[in-house]
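Every number here is computed from the coordinates shown, using simple stated rules; none is lab data. All values derive from a computational prediction rather than experimental measurement. Every residue, glycine as well, gets a Cβ built from its backbone with ideal geometry; the counts of neighbours run over all protein chains shown.
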Amino acid sequence: MKAAMAKLLSARNYNGKYDDLALTMLRVFIGATMAFSHGLGKLPPSEMLVGGVASLGFPMPEFFAWCAGLAEFAGGILLMLGLLTRPAAAFVVFTMAVAVFGVHAADPFGQKEMALLYLFASLFFVIHGAGRWSIDHKLTKK
């Protein structure tokens, strides 16, 4: 009983046999929800989105509204697939940083919480990569 409790409470990963599964589940979930819950609705960009981008002071607001929508939709798809994971996640990080520190800067934490979650989850994939169960791994393994 004592050994089972120690194993349950330990921060150490025993055997690592579930690492690839856990990483893949997180990557697929974050990518799919980013793409289909957030990005898809921004393509093509609405006048409201273009106006919001313009109000942030971005030049060529229609272009940058497209960039934001594509970062969320295409970046989410690429993240989900584990293809070009680091660059795709970097575009999501930038887009979510603009959302947190620009769009929602004056909002309470509860309104920027989702953007922060996507920002930090995507930052994790920029740093860590897609993992072994990804297209990136299949393309780059020797």
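Annotations for the structure displayed:
- Based on every Cα atom in the chain, Rg and the maximum pairwise Cα distance Dmax equal 17.9, 64 Å.
- Count, lysine Cα pairs under 29 Å in the chain, 8 or more residues apart or across chains: 6
- Percent of C-alpha pairs per 5 Å bin, the range 12-90, short to long: 3, 17, 20, 17, 14, 12, 7, 4, 3, 3, 0
- Cα Rg over Rh - the range 77-131, Kirkwood: 1.04
- Extension reserve of the L56-M1 stretch, reckoned as 0.36 nm per residue once the Cα distance is removed: 14.0 nm
- Placing +1 on each Lys and Arg Cβ and -1 on each Asp and Glu Cβ, with no other charges, gives the chain a dipole about its Cα centre of roughly 960 debye.
- Inter-label distance for A32 and R86, nm, one decimal - labels placed 7 Å from Cα along Cα-to-Cβ: 2.7
- Between V126 and M48, the modelled labels are 2.8 nm apart [label points 7 Å from Cα along Cα→Cβ].
- Helix-only mean residue ellipticity at 222 nm for the chain, each DSSP H run of n ≥ 4 adding -39500 (n - 2.57), per residue, nearest 500: -21000 deg cm²/dmol
- Segments 37-47, 76-86 sorted - mean Cβ within 10 Å per residue, highest first: 76-86, 37-47
- Separation of alpha-carbon centers, the range 72-142 and the range 28-49, rounded to whole Å: 13
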